[in-house]
Every structure is written in structure tokens, then in C-alpha cells.
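Everything on this sheet refers to the single structure shown next.
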Amino acid sequence: MPTAVFVPSRRQCDLLGRDLRRYLGERRQIWVDSHHGSLSRAHRQNAEKEFHSQRDAVLVATSTLEVGVDIGDVDVVALIGAPPDTSSLLQRIGRGGRRSGLTRLVPIARNSVDASALASQLIRA
């Protein structure tokens, strides 16, 4: 099940990508990678291509995946923390469900401020 996980920073992207690769890799065969602006263009393009071709995959990303990148069908969109604005929220949610018409959204608040921001954005969306 292709899953895109959006995080607020490059550091969190690297850490979560590494931790998920280790944790999930010990339990099942799954492709996991990271995608953010500090990674080389070649790495980002390879991650996009591999995510698109994998049946069971997780791609952890910053806002670099919001627009203009073809990553194929995404079944689950996870948001770690609130995006900076409602437009970003809609772009991230819009990555999912392109073929099926159904997006599973997993908003994860890191604290009460995140919870309030996510709730406010989701109500407006």
C-alpha cells in the first residue's frame, strides 16, 4: 500500500525515513525512502521512480512532494504535524486517491498546537 508521510523538516524526514526503514524492514518486505530538497536531484528522482513502481512503499517527504512530482497512486497520506497553511494541506491530501478516488488520511498531532491547527485546517478543507 503506497504511503506518503509528510513531515515539517528535512531533519525529521531523514530520521523518520531511517527509523521506518529499520523498523518495517525487520517485519516485512517494504520499500522506504526519504525525499527533501537537500538530497541530490538524482536521489529524489530515483525515490520518485521507485515509489511509483513499488506495490508496498513508504515515502517520507517535506513539501517537495506537494506539487509537480509524479509519484503514482498513493493510498495513504500521513501528516506529521500541521502543514503551514490550508493550501499545503490540500496539496498533500491531493497526492492520494488519484486512481481509486479514495484517500486515507492519517493526521498525527505532535502537541496541542498541532492538534488545533490540523483540526482548523481540516474543517476548512
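A compact table of results
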quantity: The lone exception for GLU66 - which of (1) modelled with pLDDT under 90; (2) over 10 Å from the mean Cα position of the chain (by Cα) it fails; calculated: (2)
quantity: Those strands (runs of 3 or more DSSP E) lying entirely in the range 18-123 with at least 3 residues closer than 13 Å to VAL5 by Cα and touching a Gly at 6+ places or on another chain (Cβ under 7 Å); calculated: 31-35
quantity: Every pair of residues 6+ apart whose Cβ atoms lie under 8 Å, when the first sits in the range 94-121 and is at negative phi while the second is basic (Lys, Arg) and open to solvent by 80 Å² or more (accessible area, probe 1.4 Å); calculated: GLY96/ARG104
quantity: Single match in HIS52, HIS35, HIS43 (criterion: open to solvent by less than 10 Å² (accessible area, probe 1.4 Å) and free of Cβ contacts under 8 Å to residues at least 40 places away in the same chain); calculated: HIS35
quantity: Which numbered condition LEU122 fails, given (1) among the hydrophobic types (A, V, I, L, M, F, W, C); (2) surrounded by 14 or more Cβ atoms within 10 Å (Cβ to Cβ); (3) at pLDDT below 90; (4) within 16 Å of the chain's Cα centre (by Cα); calculated: (4)
quantity: Checking ALA82 against (1) at pLDDT below 90; (2) surrounded by 12 or more Cβ atoms within 10 Å (Cβ to Cβ), the condition it does not meet; calculated: (1)
quantity: Some residue of the range 89-96 being surrounded by 15 or more Cβ atoms within 10 Å (Cβ to Cβ), under 10 Å from the mean Cα position of the chain (by Cα), closer than 25 Å to ASP114 by Cβ and modelled with pLDDT of 95 or more; calculated: no
quantity: Members of the range 13-62 found to be charged (D, E, K, R), more than 11 Å from the chain's Cα centre (by Cα) and under 21 Å from GLY96 (Cβ atoms), listed by number; calculated: ARG44, GLU48, LYS49, GLU50, ARG55, ASP56
quantity: Residues of the range 1-12 classified as farther than 23 Å from THR103 by Cα and open to solvent by less than 70 Å² (accessible area, probe 1.4 Å), total; calculated: 2
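The values are calculated or read from the model by the stated rules, or taken from the named source; none is laboratory data. Not measured: the values here are computed from a predicted model. Neighbour counts are summed over all protein chains in view; Cβ atoms, including those assigned to glycine, are modelled from backbone coordinates with ideal geometry. Each accessible area value is taken on the protein alone, full model and side chains, heavy atoms only, with ligands, DNA and RNA left out. Shrake-Rupley method; radii C 1.70, N 1.55, O 1.52, S 1.80 Å.
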